[in-house]
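Asker: There's a structure below that I have some questions on.
Just so you know, all these numbers are worked out from the coordinates, no wet-lab data involved. In this text the structure is predicted, and so the values were computed from the model without any measurement. Neighbour counts are summed over all protein chains in view; Cβ atoms, including those assigned to glycine, are modelled from backbone coordinates with ideal geometry.
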Amino acid sequence: MTRALAFLAVVMTLLAGASSARAQAGFSGFFTGGSNFGGDSNYYGGRSSPIARTLVSSPGRFAPGTIYINTAERRLYLILGNGEALRYGIGVGRDGFGWSGTHRITAKREWPGWTPPAQMRARRPDLPAYLPGGIENPLGARAMYLGSTLYRIHGSNEPETIGQAVSSGCIRMTNEDVTDLYNRVSVGTTVIVGN
């Protein structure tokens, strides 16, 4: 009986240590880009970003809450204040589709439907006139619309495109990262896009 109790105590100690380590890893993943849902995949489909979300020094003098996008670097910064920012990996517009400027987030949508713009459908007649929101939708889990432009900061089910110049001008993020950003910003947030 004593042996069984000792064995049970050892097993419980090992399990408690593993749970504690897992909990600590989950919390640190909040800032460093690890999945908060466990494993290499996330709740929103796809895999985690090949470029980890990281707490860094602010890339410039921006007001807290501002989103600064450096397209050449292929990084998006959410300015936190106190000289800090969250840095995310992004995909940007391919050659001929790059742009810069200052806009505000004018709308936010969860699992948005997608209506390809007329210019895109002229280039790609195979595209549907409309695609409802969902895991197969190219806008991914969340979208933040930028002013009166055709551009959005949105999710993607193609994490391998993060860090690349492949879009038609939109800023794409993994579904996990775009959901994190979406939950941190509001309509009216200033977005500065620089080259």
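Asker: Using a 7 Å offset from Cα along Cα-Cβ at residue 131, what residues in the stretch 172-195 end up with backbone N under 16 Å from the label point?
Answerer: The answer is 172-175.
Asker: Tell me, 109, 123 in order of fewest to most beta-carbon neighbours within 10 Å? Intermediate values should be presented prior to the final figure.
Answerer: Values: 109 16, 123 11.
In increasing order of surrounding Cβ atoms, one gets 123, 109.
Asker: Using amide H atoms built in the peptide plane, which far-off residues or other-chain residues are under 5 Å from residue 114 H to H?
Answerer: Answer set, sorted by chain and number: 131, 133.
Asker: Another one. Counting Lys +1, Arg +1, Asp -1, Glu -1, what net charge surrounds residue 165 among other residues with beta carbon under 11 Å of its beta carbon?
Answerer: The answer is +2.
Asker: May I have the pair-distance distribution P(r) for the stretch 54-194, computed from all Cα-Cα distances with 10 Å bins from 0 and rounded to whole percent?
Answerer: Once binned at 10 Å, the Cα pair distances of the stretch 54-194 give 13, 45, 35, 7, 1.
Asker: Here is a further query. So what are the ³J(HN,Hα) numbers for the stretch 71-80, from phi and the Karplus equation (6.51, -1.76, 1.60; θ = phi - 60°), rounded to whole Hz, Gly and Pro as x?
Answerer: 5, 5, 7, 6, 9, 10, 10, 9, 6, 9
Asker: Can you work out ³J(HN,Hα) from phi for every residue in the stretch 132-148, in order, using Karplus 6.51 cos²θ - 1.76 cosθ + 1.60 and θ = phi - 60°, giving whole Hz and x for Gly and Pro?
Answerer: Ordered by residue, 3J(HN,Hα) equals x, x, x, 4, 8, 6, x, 7, x, 6, 8, 9, 10, 8, 9, x, 9 Hz.
Asker: Under 5 Å between amide hydrogens, which residues at least 5 positions from residue 69 or on another chain qualify, with H placed 1.01 Å from N in the peptide plane?
Answerer: Residues meeting the amide H criterion: 77, 192, 193, 194.
Asker: At R0 = 25 Å, how high is the FRET efficiency between residue 82 and residue 184 if r is their beta carbon distance? Nearest 0.05 is fine. Intermediate values should be presented prior to the final figure.
Answerer: Numbers: r = 15 Å, r/R0 = 0.62.
Between residue 82 and residue 184 the formula returns 0.95.
Asker: Work through the residues other than residue 142 whose Cβ is under 9 Å from its Cβ and net out their charges, Lys, Arg +1 and Asp, Glu -1.
Answerer: Net local charge, residue 142 excluded: +1.
Asker: Enumerate the amide H contacts of residue 165 below 5 Å, restricted to partners 5 or more residues apart or on another chain; note that Pro and chain-start residues carry no placed amide H.
Answerer: Residues meeting the criterion, in which the H sits 1.01 Å from N, are 92.
Asker: Note down the net charge around residue 51, summing +1 for each Lys or Arg and -1 for each Asp or Glu among other residues with Cβ under 10 Å from its Cβ.
Answerer: Here the count lands on +3.
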